[in-house]
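The values are calculated or read from the model by the stated rules, or taken from the named source; none is laboratory data. Keep in mind that what you see is a predicted model, and the values were worked out from it rather than measured. Glycine gets a Cβ as well: all are built from the backbone with ideal geometry, and neighbour counts include every protein chain shown. Ligands, DNA and RNA are stripped out before the accessible areas are found, and what is left, the full protein with its side chains, is counted by its heavy atoms. Shrake-Rupley method; radii C 1.70, N 1.55, O 1.52, S 1.80 Å.
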Amino acid sequence: MTDQKPASAETSRKNIWRIFPGIFVSLVALGVLFTLVDWPVFVAALTKADYRYLLLALPIYIVSYMVRSRGWHILLMEEPPYKLVYLTEQAGYLMNNVLPFRLGELGRAVLLGRHGLGFWRVFSTIIVERAFDMILAAGLLLGSLALVADVPGAQQVGIIISLIMLAGMYTLYLLARNQDRVLAWFDRLGKRWPRLIELGRDRLTSFLTGLTPLTDFRRFIRVILWIASSWGMAILAHYLILLAFIPQATLLWMVFAISVAMIGIALPSSPGFIGVYEAAYVGALSVFGVSYESALAFALVDHVFYIGLTGIVGAYALVREGLSLSQLARRVQQERSSEIS
(Lines give C-alpha, C1' and ligand atoms only; values in the text may rest on other atoms or scores of the structure.)
Protein backbone atom coordinates (compact mmCIF):
# COMPACT_ATOMS: atom_id res chain seq x y z
CA MET A 1 0.00 0.00 0.00
CA THR A 2 2.86 2.40 0.76
CA ASP A 3 4.09 2.25 -2.85
CA GLN A 4 0.72 3.05 -4.39
CA LYS A 5 0.38 6.63 -3.10
CA PRO A 6 3.67 7.94 -4.49
CA ALA A 7 2.95 6.16 -7.77
CA SER A 8 -0.48 7.75 -7.90
CA ALA A 9 0.96 11.18 -7.16
CA GLU A 10 3.59 10.71 -9.85
CA THR A 11 0.89 9.70 -12.35
CA SER A 12 -1.14 12.79 -11.46
CA ARG A 13 1.88 15.04 -12.03
CA LYS A 14 2.54 13.43 -15.40
CA ASN A 15 -1.10 13.83 -16.41
CA ILE A 16 -1.01 17.54 -15.51
CA TRP A 17 2.05 18.07 -17.69
CA ARG A 18 0.52 16.08 -20.55
CA ILE A 19 -2.70 18.09 -20.53
CA PHE A 20 -0.91 21.45 -20.35
CA PRO A 21 -0.14 21.84 -24.11
CA GLY A 22 -3.79 21.22 -25.00
CA ILE A 23 -5.06 23.69 -22.41
CA PHE A 24 -2.49 26.23 -23.61
CA VAL A 25 -3.61 25.91 -27.26
CA SER A 26 -7.27 26.29 -26.26
CA LEU A 27 -6.49 29.36 -24.14
CA VAL A 28 -4.56 30.96 -27.00
CA ALA A 29 -7.48 30.30 -29.37
CA LEU A 30 -9.96 31.75 -26.89
CA GLY A 31 -7.71 34.75 -26.29
CA VAL A 32 -7.56 35.50 -30.02
CA LEU A 33 -11.35 35.24 -30.29
CA PHE A 34 -11.89 37.55 -27.32
CA THR A 35 -9.60 40.09 -28.98
CA LEU A 36 -11.30 39.96 -32.38
CA VAL A 37 -14.97 39.80 -31.45
CA ASP A 38 -17.28 42.74 -30.76
CA TRP A 39 -19.41 41.11 -28.06
CA PRO A 40 -22.63 43.15 -28.42
CA VAL A 41 -22.60 42.32 -32.14
CA PHE A 42 -22.01 38.67 -31.28
CA VAL A 43 -25.01 38.64 -28.92
CA ALA A 44 -27.12 40.25 -31.64
CA ALA A 45 -26.04 37.52 -34.09
CA LEU A 46 -27.18 34.87 -31.61
CA THR A 47 -30.56 36.49 -30.99
CA LYS A 48 -31.36 37.17 -34.66
CA ALA A 49 -30.55 33.66 -35.91
CA ASP A 50 -33.30 31.53 -37.46
CA TYR A 51 -33.11 28.47 -35.23
CA ARG A 52 -35.67 26.56 -37.31
CA TYR A 53 -32.72 25.44 -39.41
CA LEU A 54 -31.52 23.38 -36.44
CA LEU A 55 -34.70 21.30 -36.65
CA LEU A 56 -33.93 20.60 -40.32
CA ALA A 57 -30.33 19.71 -39.48
CA LEU A 58 -31.16 17.40 -36.57
CA PRO A 59 -32.31 14.25 -38.45
CA ILE A 60 -29.54 14.59 -41.04
CA TYR A 61 -26.97 14.98 -38.28
CA ILE A 62 -28.22 11.89 -36.46
CA VAL A 63 -28.30 9.75 -39.61
CA SER A 64 -24.78 10.90 -40.58
CA TYR A 65 -23.43 9.26 -37.42
CA MET A 66 -25.38 6.08 -38.11
CA VAL A 67 -23.87 5.97 -41.60
CA ARG A 68 -20.41 6.60 -40.19
CA SER A 69 -20.77 3.76 -37.72
CA ARG A 70 -21.67 1.46 -40.60
CA GLY A 71 -18.26 2.19 -42.11
CA TRP A 72 -16.56 1.25 -38.84
CA HIS A 73 -18.80 -1.83 -38.64
CA ILE A 74 -17.43 -2.99 -42.01
CA LEU A 75 -13.86 -2.37 -40.82
CA LEU A 76 -14.65 -4.67 -37.92
CA MET A 77 -15.60 -7.39 -40.45
CA GLU A 78 -19.23 -6.96 -39.27
CA GLU A 79 -18.59 -9.28 -36.34
CA PRO A 80 -20.06 -7.22 -33.46
CA PRO A 81 -23.72 -6.15 -33.72
CA TYR A 82 -24.14 -2.85 -35.56
CA LYS A 83 -26.06 -1.29 -32.65
CA LEU A 84 -23.14 -2.01 -30.32
CA VAL A 85 -20.71 -0.42 -32.78
CA TYR A 86 -22.87 2.70 -33.11
CA LEU A 87 -23.31 3.16 -29.37
CA THR A 88 -19.62 2.54 -28.71
CA GLU A 89 -18.66 5.25 -31.18
CA GLN A 90 -21.01 7.70 -29.48
CA ALA A 91 -19.53 6.83 -26.09
CA GLY A 92 -16.11 7.65 -27.54
CA TYR A 93 -17.32 11.07 -28.63
CA LEU A 94 -18.68 11.69 -25.14
CA MET A 95 -15.28 10.85 -23.64
CA ASN A 96 -13.52 13.21 -26.05
CA ASN A 97 -15.95 15.96 -25.10
CA VAL A 98 -15.41 15.85 -21.34
CA LEU A 99 -12.06 14.15 -20.67
CA PRO A 100 -8.49 15.15 -21.56
CA PHE A 101 -5.94 13.33 -23.74
CA ARG A 102 -8.49 12.40 -26.46
CA LEU A 103 -9.38 9.31 -24.45
CA GLY A 104 -12.42 8.64 -26.61
CA GLU A 105 -10.51 6.54 -29.15
CA LEU A 106 -8.96 4.40 -26.44
CA GLY A 107 -12.33 4.27 -24.70
CA ARG A 108 -13.94 2.88 -27.84
CA ALA A 109 -11.29 0.19 -28.06
CA VAL A 110 -11.76 -0.74 -24.40
CA LEU A 111 -15.56 -0.81 -24.62
CA LEU A 112 -15.84 -2.83 -27.81
CA GLY A 113 -12.75 -4.91 -27.11
CA ARG A 114 -14.32 -6.44 -24.05
CA HIS A 115 -17.03 -7.97 -26.24
CA GLY A 116 -14.64 -10.61 -27.54
CA LEU A 117 -12.62 -8.65 -30.12
CA GLY A 118 -9.78 -7.48 -27.90
CA PHE A 119 -8.40 -3.99 -27.41
CA TRP A 120 -5.69 -4.03 -30.07
CA ARG A 121 -7.81 -5.40 -32.88
CA VAL A 122 -10.46 -2.72 -32.29
CA PHE A 123 -7.85 0.01 -31.88
CA SER A 124 -6.27 -0.77 -35.24
CA THR A 125 -9.61 -0.24 -37.00
CA ILE A 126 -10.00 3.11 -35.22
CA ILE A 127 -6.60 4.19 -36.55
CA VAL A 128 -7.73 3.28 -40.09
CA GLU A 129 -11.02 5.13 -39.63
CA ARG A 130 -9.27 8.28 -38.42
CA ALA A 131 -6.79 8.08 -41.29
CA PHE A 132 -9.72 8.04 -43.72
CA ASP A 133 -11.09 11.13 -41.96
CA MET A 134 -7.88 13.09 -42.35
CA ILE A 135 -7.49 12.07 -45.99
CA LEU A 136 -11.05 13.17 -46.72
CA ALA A 137 -10.54 16.44 -44.85
CA ALA A 138 -7.35 17.17 -46.77
CA GLY A 139 -9.04 16.21 -50.03
CA LEU A 140 -11.97 18.56 -49.36
CA LEU A 141 -9.56 21.33 -48.45
CA LEU A 142 -7.58 20.89 -51.64
CA GLY A 143 -10.73 20.61 -53.77
CA SER A 144 -12.39 23.69 -52.30
CA LEU A 145 -9.17 25.71 -52.54
CA ALA A 146 -9.51 25.62 -56.31
CA LEU A 147 -12.57 27.86 -55.85
CA VAL A 148 -11.33 29.91 -52.90
CA ALA A 149 -8.84 32.70 -53.50
CA ASP A 150 -6.27 34.34 -51.24
CA VAL A 151 -5.71 31.59 -48.68
CA PRO A 152 -1.94 31.79 -48.10
CA GLY A 153 -0.28 28.50 -47.29
CA ALA A 154 -3.50 26.46 -47.11
CA GLN A 155 -2.80 24.51 -50.29
CA GLN A 156 0.63 23.46 -49.05
CA VAL A 157 -0.87 22.38 -45.73
CA GLY A 158 -3.51 20.30 -47.52
CA ILE A 159 -0.91 18.62 -49.72
CA ILE A 160 1.37 17.83 -46.77
CA ILE A 161 -1.49 16.36 -44.73
CA SER A 162 -2.67 14.30 -47.71
CA LEU A 163 0.82 12.89 -48.31
CA ILE A 164 1.34 12.06 -44.63
CA MET A 165 -2.03 10.32 -44.36
CA LEU A 166 -1.58 8.42 -47.61
CA ALA A 167 1.88 7.31 -46.50
CA GLY A 168 0.40 6.17 -43.20
CA MET A 169 -2.40 4.29 -44.94
CA TYR A 170 0.09 2.61 -47.28
CA THR A 171 2.18 1.56 -44.28
CA LEU A 172 -0.89 0.03 -42.64
CA TYR A 173 -1.71 -1.71 -45.93
CA LEU A 174 1.80 -3.20 -46.10
CA LEU A 175 1.49 -4.43 -42.53
CA ALA A 176 -1.87 -6.01 -43.34
CA ARG A 177 -0.53 -7.69 -46.49
CA ASN A 178 2.58 -9.04 -44.78
CA GLN A 179 1.28 -10.18 -41.40
CA ASP A 180 3.30 -13.41 -41.39
CA ARG A 181 6.52 -11.57 -42.22
CA VAL A 182 5.89 -8.96 -39.55
CA LEU A 183 5.23 -11.64 -36.94
CA ALA A 184 8.32 -13.61 -38.04
CA TRP A 185 10.43 -10.46 -37.71
CA PHE A 186 8.92 -9.84 -34.27
CA ASP A 187 9.71 -13.42 -33.24
CA ARG A 188 13.34 -12.94 -34.27
CA LEU A 189 13.54 -9.90 -32.04
CA GLY A 190 11.94 -12.00 -29.30
CA LYS A 191 14.83 -14.44 -29.36
CA ARG A 192 17.07 -11.60 -28.22
CA TRP A 193 14.53 -10.10 -25.85
CA PRO A 194 12.12 -12.83 -24.63
CA ARG A 195 10.26 -10.27 -22.55
CA LEU A 196 9.20 -8.64 -25.83
CA ILE A 197 7.29 -11.76 -26.88
CA GLU A 198 5.60 -12.00 -23.52
CA LEU A 199 4.46 -8.39 -23.65
CA GLY A 200 3.62 -7.86 -27.26
CA ARG A 201 3.07 -10.81 -29.61
CA ASP A 202 -0.61 -11.38 -28.86
CA ARG A 203 -1.26 -7.66 -29.04
CA LEU A 204 0.59 -7.33 -32.33
CA THR A 205 -1.35 -10.27 -33.76
CA SER A 206 -4.64 -8.66 -32.75
CA PHE A 207 -3.54 -5.32 -34.18
CA LEU A 208 -2.63 -6.86 -37.53
CA THR A 209 -5.92 -8.79 -37.62
CA GLY A 210 -7.74 -5.49 -37.31
CA LEU A 211 -5.97 -4.26 -40.46
CA THR A 212 -7.19 -7.20 -42.54
CA PRO A 213 -10.02 -5.22 -44.25
CA LEU A 214 -7.36 -3.15 -46.00
CA THR A 215 -6.41 -6.21 -48.05
CA ASP A 216 -9.98 -6.82 -49.25
CA PHE A 217 -10.55 -4.35 -52.12
CA ARG A 218 -14.35 -4.58 -52.07
CA ARG A 219 -14.52 -4.13 -48.33
CA PHE A 220 -12.04 -1.26 -48.55
CA ILE A 221 -14.24 0.54 -51.13
CA ARG A 222 -17.35 -0.06 -49.04
CA VAL A 223 -15.70 1.52 -46.02
CA ILE A 224 -14.65 4.56 -48.07
CA LEU A 225 -18.16 4.96 -49.50
CA TRP A 226 -19.87 4.76 -46.11
CA ILE A 227 -17.47 7.17 -44.40
CA ALA A 228 -17.55 9.56 -47.36
CA SER A 229 -21.36 9.44 -47.30
CA SER A 230 -21.34 10.32 -43.61
CA TRP A 231 -19.11 13.30 -44.42
CA GLY A 232 -21.53 14.44 -47.11
CA MET A 233 -24.46 14.29 -44.72
CA ALA A 234 -22.49 16.04 -41.98
CA ILE A 235 -21.56 18.84 -44.38
CA LEU A 236 -25.25 19.28 -45.26
CA ALA A 237 -26.29 19.33 -41.58
CA HIS A 238 -23.59 21.88 -40.68
CA TYR A 239 -24.55 23.96 -43.72
CA LEU A 240 -28.16 24.15 -42.56
CA ILE A 241 -26.99 25.39 -39.17
CA LEU A 242 -24.77 27.94 -40.92
CA LEU A 243 -27.79 29.26 -42.86
CA ALA A 244 -29.45 30.08 -39.54
CA PHE A 245 -26.79 32.75 -39.00
CA ILE A 246 -25.63 33.59 -42.52
CA PRO A 247 -28.51 33.21 -45.02
CA GLN A 248 -26.31 34.08 -48.01
CA ALA A 249 -23.83 31.26 -47.27
CA THR A 250 -23.12 28.71 -50.01
CA LEU A 251 -22.37 25.03 -49.68
CA LEU A 252 -18.78 25.74 -50.78
CA TRP A 253 -18.28 27.82 -47.64
CA MET A 254 -19.17 24.87 -45.47
CA VAL A 255 -17.06 22.39 -47.46
CA PHE A 256 -14.03 24.61 -46.99
CA ALA A 257 -14.82 25.49 -43.36
CA ILE A 258 -15.46 21.92 -42.17
CA SER A 259 -12.21 20.69 -43.74
CA VAL A 260 -10.28 23.46 -41.98
CA ALA A 261 -12.09 22.70 -38.70
CA MET A 262 -11.34 18.96 -38.90
CA ILE A 263 -7.66 19.64 -39.45
CA GLY A 264 -7.70 22.31 -36.73
CA ILE A 265 -9.15 20.08 -34.02
CA ALA A 266 -6.40 17.55 -34.71
CA LEU A 267 -4.19 19.97 -32.76
CA PRO A 268 -3.80 19.47 -29.01
CA SER A 269 -6.63 21.17 -27.14
CA SER A 270 -8.73 21.04 -24.01
CA PRO A 271 -11.52 18.43 -23.75
CA GLY A 272 -14.22 19.02 -26.35
CA PHE A 273 -11.84 21.07 -28.57
CA ILE A 274 -13.03 24.23 -26.76
CA GLY A 275 -11.69 27.35 -28.42
CA VAL A 276 -9.89 25.50 -31.20
CA TYR A 277 -13.19 24.39 -32.78
CA GLU A 278 -14.56 27.94 -32.74
CA ALA A 279 -11.32 29.57 -33.91
CA ALA A 280 -11.01 27.17 -36.85
CA TYR A 281 -14.51 27.99 -38.11
CA VAL A 282 -14.09 31.74 -37.52
CA GLY A 283 -10.83 31.75 -39.45
CA ALA A 284 -12.20 29.66 -42.31
CA LEU A 285 -15.43 31.64 -42.71
CA SER A 286 -13.60 34.97 -42.55
CA VAL A 287 -12.10 34.04 -45.94
CA PHE A 288 -15.57 34.59 -47.41
CA GLY A 289 -16.04 37.94 -45.70
CA VAL A 290 -18.16 36.61 -42.83
CA SER A 291 -17.86 38.79 -39.74
CA TYR A 292 -16.06 37.33 -36.75
CA GLU A 293 -19.20 37.76 -34.68
CA SER A 294 -21.53 35.87 -37.02
CA ALA A 295 -18.95 33.13 -37.56
CA LEU A 296 -18.42 32.70 -33.82
CA ALA A 297 -22.18 32.63 -33.17
CA PHE A 298 -22.51 29.81 -35.71
CA ALA A 299 -19.47 27.91 -34.41
CA LEU A 300 -20.62 28.12 -30.80
CA VAL A 301 -24.17 26.89 -31.50
CA ASP A 302 -22.85 24.22 -33.87
CA HIS A 303 -20.41 23.04 -31.19
CA VAL A 304 -23.12 22.88 -28.51
CA PHE A 305 -25.34 21.01 -30.98
CA TYR A 306 -22.61 18.40 -31.52
CA ILE A 307 -21.74 18.03 -27.84
CA GLY A 308 -25.41 17.76 -26.85
CA LEU A 309 -26.34 15.07 -29.38
CA THR A 310 -23.27 12.91 -28.92
CA GLY A 311 -23.45 13.43 -25.16
CA ILE A 312 -27.02 12.15 -24.89
CA VAL A 313 -26.42 9.04 -26.98
CA GLY A 314 -22.98 8.47 -25.46
CA ALA A 315 -24.40 8.63 -21.93
CA TYR A 316 -27.07 6.08 -22.89
CA ALA A 317 -24.34 3.83 -24.32
CA LEU A 318 -22.43 3.89 -21.03
CA VAL A 319 -25.56 3.20 -18.99
CA ARG A 320 -26.28 0.25 -21.28
CA GLU A 321 -22.76 -1.06 -20.63
CA GLY A 322 -23.21 -0.58 -16.88
CA LEU A 323 -20.30 1.87 -16.66
CA SER A 324 -19.91 5.44 -15.52
CA LEU A 325 -17.63 7.84 -17.34
CA SER A 326 -15.11 7.71 -14.50
CA GLN A 327 -15.13 3.90 -14.50
CA LEU A 328 -14.45 3.79 -18.23
CA ALA A 329 -11.69 6.37 -17.85
CA ARG A 330 -10.08 4.18 -15.16
CA ARG A 331 -10.26 1.13 -17.44
CA VAL A 332 -8.61 3.11 -20.22
CA GLN A 333 -5.88 4.18 -17.82
CA GLN A 334 -5.41 0.57 -16.74
CA GLU A 335 -5.08 -0.49 -20.37
CA ARG A 336 -2.50 2.20 -21.00
CA SER A 337 -0.58 1.23 -17.85
CA SER A 338 -0.59 -2.45 -18.83
CA GLU A 339 1.18 -1.56 -22.09
CA ILE A 340 3.97 0.13 -20.16
CA SER A 341 4.38 -2.41 -17.35
Pairs with Cβ under 8 Å, 6+ apart, first in segment 111-129 and within 15 Å of Arg70 (Cα to Cα), second at pLDDT 90 or above and of a type in the set (Phe, Trp, Tyr): Thr125/Trp72; Ile126/Trp72; Glu129/Trp72
Those helices (runs of 4 or more DSSP H) lying entirely in segment 20-133 with at least 3 residues of a type in the set (S, T, N, Q) and open to solvent by 60 Å² or more (accessible area, probe 1.4 Å): none
Inter-residue pairs, beta-carbon under 8 Å, first within 16 Å of Ile274 (Cα to Cα) and in segment 31-47, second part of a helix (DSSP H, G or I), 6+ apart: Val32/Ala279; Leu33/Glu278; Leu33/Ala279; Leu33/Val282; Leu33/Tyr292; Leu33/Leu296
Sole residue being modelled with pLDDT of 90 or more and surrounded by fewer than 21 Cβ atoms within 10 Å (Cβ to Cβ), chosen from Val304, Val290: Val304
Residues being over 26 Å from Gly104 (Cα atoms) and charged (D, E, K, R) - total across segment 243-298: 1
Residue count, segment 274-304 (criterion: of a type in the set (D, E, K, R) and within 16 Å of Ala44 (Cβ to Cβ)): 1
Failed item in (1) within 16 Å of Phe298 (Cβ to Cβ); (2) free of Cβ contacts under 8 Å to residues at least 60 places away in the same chain, with Ala57 passing the rest: (2)
Cβ-Cβ under 7 Å pairs, at least 6 apart or on other chains, segment 307-318 side on the phi < 0 side of the Ramachandran plot, far side open to solvent by 40 Å² or more (accessible area, probe 1.4 Å) and among the polar types (S, T, N, Q): Leu318/Ser324
Candidates Ser269, Ser259, filtered to the one that is open to solvent by less than 30 Å² (accessible area, probe 1.4 Å), assigned to a helix (DSSP H, G or I) and not aromatic (Phe, Trp, Tyr): Ser259
Sole residue being over 19 Å from the mean Cα position of the chain (by Cα), crowded, with 17+ Cβ neighbours inside 10 Å and either in contact (Cβ under 8 Å) with a residue 40 or more places away in the chain or not in a helix (DSSP H, G or I) (or both), chosen from Ala249, Ala237: Ala249
Options Phe298, Phe288: the member that is over 21 Å from the mean Cα position of the chain (by Cα) and of a type in the set (Phe, Trp, Tyr): Phe288
